[in-house]
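Here the structure is laid out as structure tokens; the discussion comes afterwards.
The values are calculated or read from the model by the stated rules, or taken from the named source; none is laboratory data. None of the values given here were measured: they were computed from a predicted structure. Reconstructed Cβ throughout: ideal geometry from the backbone, glycine too, with neighbour counts over all protein chains shown.
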Amino acid sequence: MPLGNERRLGDQSESIAEAIFLIIIIIMVGGPAAGFLLTAATTVSGMITKGAYQVESTKNLANEVLVSSQRIRELERKLASAELELTTLRCQSRDSNSLRALLGLKEKLPRKTIAAEVIARNPDNWFEQVVLDKGTADGVTLGSAVITRDGIVGQIVKVDKDASVVRLITDPEQKLGVLIKRIGLPGIISGNGQQLAVMNYIPVGTNVDLNDKIVCFGKGGVFPENHPVGTVAAIRRDSDGASMAIDVKLSENCYDLNQVLVLPPTAQK
Amino acid sequence: MTALIIALAWVLQLAVVSRLFVTGVGCSLPLTIIIVWGITFGSPISKPSIDELRLTTIKTAMLRQALTGSISGALLGAAFAALYSSVLQHYPIAYPLIGWIAGYFCLRNFNKAIVLVIPLVLILTFLGEAINALQLYVLGRPLVFDNFVEIALTEAILNALIAPFVFLPMRGWYEFSRYRQVMEAR
């Protein structure tokens, strides 16, 4: 064999050995590297998928919160309007009950009556008065009695064409002839603001009991006879001790008036 | 504008404020407005200086001092008193008097006037109700002094509480009108 051929054979066998060595190296390194790559790819793709999922779920949650808050706002609006409606209905129901009661009373009374509405309270703190929406144009006259189904309210002290002023029974200047119904004892009560009305000069030893009904005397042609005024709340001696005074709990709450009946005085016989 | 304020205050007092009360006593929006008006607008006549008082006679000084009350406050008080007498059986002379007296305590040159308004309204309301009580007593109304402290004190406290809400817009109005006058003068 010529010398050149020998050298070429030698070179080829070296290349084959190198190639085999390289293959072995590739097999030895490539296996674990592929595993690592797979793991890395899985981890990365897992993270991306998880992130995308979380973004998606956060978006959905935000949407749900947004929708819920809109729904809550809508429901709150509905609730507020329902509450308003309920309040209006309650007021209307109270008014209609009161009007029905007044109508019943109006039919029972033999006298001319004028239904009126309280439009204002008196502007200062010294007087106990209310203003009514009816005046001389409707037949209201000075001195007319003002009542409700529950009791006496007061008396007209000022009258104009379309309005009138009522001095309430709680005013210290307002006096009213009354009768303790059970024993038939007459007397005069006078108001005392928010405190109990007072019936003075009751003879000592009079058989008055707590909760005895006090009604209107009504002989003067102004206030209706036997209309309720209040009940006996307390019995005490006068400051001088010569007679008794009775504290009267009025049956009408003069601080919460809406509809009333005005009774012009009847002509005296 | 003043007529509108009077009408609005009167309607508010009759329809709303008089229905809101503490222990049976409510605040008086008209009286608060009268006092705050006097405090805000004061008198067109300036108060005498110490030198002027020293050089003048007692009669002149007294006259000058008397004239430094608020004329517009008295007129406003008189207007409210006339409205009151349409409902009540008497003319409350306390209202124009208090409007006039409030002018002595004019706070237009004080920056921190809001702090002084509260005690001034408290004292002047009490004084106004004392004059009112005296008038009612003279007219023969029963139980006036029995209820005086409760009514006057409660009303004075309530009026003092609402005073800043009346004073701030009124002072703003006064400052605006003064600014407009200055601009027109230019």
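Any chance you could count how many residues in the range A:117-141 are more than 26 Å from the chain's Cα centre (by Cα) and either more than 15 Å from A:D162 (Cβ to Cβ) or more than 14 Å from every other protein chain (Cβ to nearest Cβ) (or both)? Matching residues across the range A:117-141 total 13. Go through the range A:131-158 and report how many residues are over 24 Å from A:E225 (Cβ atoms), of a type in the set (A, V, I, L, M) and touching a strand residue (DSSP E or B) at 6+ places or on another chain (Cβ under 8 Å). Summing the residues that are over 24 Å from A:E225 (Cβ atoms), of a type in the set (A, V, I, L, M) and touching a strand residue (DSSP E or B) at 6+ places or on another chain (Cβ under 8 Å) in the range A:131-158 gives 1. Here the condition is being under 27 Å from B:V144 (Cβ atoms), assigned by TED's automatic domain parsing to the domain that holds A:D124 and modelled with pLDDT of 90 or more; of A:I202, A:I188, it holds for A:I188 alone. Given the criteria closer than 20 Å to B:I6 by Cα and among the hydrophobic types (A, V, I, L, M, F, W, C), does B:L97 qualify? Yes: the conditions hold for B:L97. A single member of B:P164, B:P169 is more than 15 Å from the chain's Cα centre (by Cα) and within 17 Å of B:W37 (Cα to Cα), and it is B:P169.
Scan the range A:181-198 and tell me whether some residue there is more than 13 Å from every other protein chain (Cβ to nearest Cβ), hydroxyl-bearing (S, T, Y) and closer than 21 Å to A:D238 by Cβ. The answer is no, given that none of the residues of the range A:181-198 is more than 13 Å from every other protein chain (Cβ to nearest Cβ), hydroxyl-bearing (S, T, Y) and closer than 21 Å to A:D238 by Cβ.
Considering each residue of the range A:144-155 in turn, none proves to be farther than 22 Å from A:K219 by Cα and surrounded by fewer than 24 Cβ atoms within 10 Å (Cβ to Cβ). With the requirement that a residue be within 14 Å of chain A (Cβ to nearest Cβ) and at pLDDT below 85, what does the range B:86-107 give you? Correct list: B:S86, B:V87, B:L88, B:Q89, B:H90.
Is it the case, given these coordinates, that B:I6 is within 14 Å of another protein chain (Cβ to nearest Cβ), at pLDDT 75 or above and buried (at least 24 other Cβ atoms within 10 Å of the Cβ)? No: the conditions fail for B:I6. Cβ-Cβ distances below 7 Å connect the following pairs, each with a first residue in the range B:11-28 that is at the interface with another protein chain (Cβ under 8 Å from one of its Cβ atoms), a second residue that is in a loop (DSSP other than H, G, I, E, B) and among the aliphatic types (A, V, I, L, M), and a separation of six or more residues or different chains: B:G26/B:L20.
Within the range A:210-231, the set of residues being small (G, A, S) and within 34 Å of the chain's Cα centre (by Cα) comprises A:G230 only. Keeping to the range B:108-155, report how many residues are polar (S, T, N, Q), within 13 Å of chain A (Cβ to nearest Cβ), farther than 30 Å from B:M62 by Cβ and surrounded by fewer than 18 Cβ atoms within 10 Å (Cβ to Cβ). The number of residues fulfilling the criteria is 0.
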